[in-house]
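First comes the structure, then the notes that go with it.
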Amino acid sequence: MSLNNGFYESVINKLINEEIYKIKKTKEYHTETKKIDEEEGSSILSKYMSIVINKSLNRIPNKDKMNKQIEICNKIIKLLVDELMKIIGSPKVEFRHITIRTKVYNIISP
């Protein structure tokens, strides 16, 4: 069995966040920060954004939830493309609207 990259970091971050939450309840706390290395920046920031987006999408009420989640994701993707266009002139990657594959059928007989 192999573990995904970042597994330990996500477990540690979860534990740290739980401790920070407990400490914040007492209103007496101090946190330390460090500068993100530019080589790791996109990876660290995208992992953080994944968490933020996941928590945000989960807060959407059940009525038409999936369509609203897809709509929001498409807006985020559009924003990324627009910002890349401003910075580099072309995103160099073509983003399309989100479609989710729900099933894959094996059409070749075993």
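Values quoted throughout were computed directly from the atomic coordinates according to the rules given, and no laboratory measurement underlies them. In this text, all values refer to a predicted model and were calculated from it rather than measured experimentally. Cβ sites come from the backbone with ideal geometry, for glycine too, and all protein chains shown count toward neighbours.
A few comments on the model shown:
- Taking label points 7 Å from Cα along the Cα-to-Cβ direction, residue 87 and residue 38 give a separation of 1.2 nm.
- Listed pairs 47/68; 14/47; 34/55 exceeding 20 Å between Cα atoms: 47/68; 34/55
- In order through the stretch 56-65: 3J(HN,Hα) via Karplus (6.51 cos²θ - 1.76 cosθ + 1.60), integer Hz, x for Gly, Pro: 5, 5, 5, 7, 5, x, 5, 5, 6, 4
- Scaled against the 2.2 N^0.38 Å expected of a compact globular protein of N residues, the Cα radius of gyration of the stretch 7-88 reads 1.42.
- A Förster distance of 30 Å, applied to the separation of the beta-carbon atoms of residue 11 and residue 63, puts the FRET efficiency at 0.30.
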